[in-house]
Amino acid sequence: MATLHALDIPDELYAQLQELAKAENSSVEAQVVKILQQALQTQIQPTKYDRRKNVLKMLEENIRNRRRLNPADFGLLDSTALIREDRDR
């Protein structure tokens, strides 16, 4: 495991780390590692906006790749002809 030496940590921040470590029955070093892991995980996880963009892209691809259905293949009338007939009344 690599060693990381942090210098010039403000006393108040170190005191907060000590309190957190004590509350969770762990060492300050373990708390720092845990906090760093959580921070990196949130940076790596896609944001809601990114996830929504990806979903939209997938939906667009799905719609583009769908097979076009011809009503005549199912014995149905063409909707254009039905609309024309209705307008001509």
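Values in this text are rule-based calculations from the coordinates and carry no lab data. Worth saying up front: this structure is predicted, and the values here are computed from it rather than measured. Reconstructed Cβ throughout: ideal geometry from the backbone, glycine too, with neighbour counts over all protein chains shown.
Test of understanding: in a Gaussian network model of the chain with alpha carbons linked when under 10 Å, which of N70, N54, N25 would top the mean-square fluctuation ranking?
Looking only at N70, N54, N25, the largest GNM fluctuation is found for N70.
Let me spell out the model: positive unit charges on the Cβ of Lys and Arg, negative unit charges on the Cβ of Asp and Glu, origin at the Cα centre of the chain. What dipole size does that give, in debye rounded to 20?
Computed charge dipole of the chain: roughly 720 debye.
Between L77 and L40, with labels modelled 7 Å along Cα→Cβ, what's the label distance in nm to one decimal, could you check?
Calculated label separation equals 6.7 nm.
Straight-line reach from K22: which lysines have Cα under 23 Å away, leaving out those fewer than 8 places along the same chain?
The qualifying lysines are K34.
Just name one of A21, L59, T3: the one whose Cα is farthest towards the positive end of the charge dipole of the chain (beta-carbon charges, Lys/Arg +1, Asp/Glu -1).
Selected residue: L59.
Taking the Cα-to-Cβ direction at R52 and at A30 and moving 7 Å from each Cα, how far apart do the two end points lie in nm?
4.0
Taking Cα atoms, how many degrees apart are the long axis of helix 79-88 and the longest axis of the chain, rounded to 10 and kept between 0 and 90?
That works out to roughly 50 degrees.
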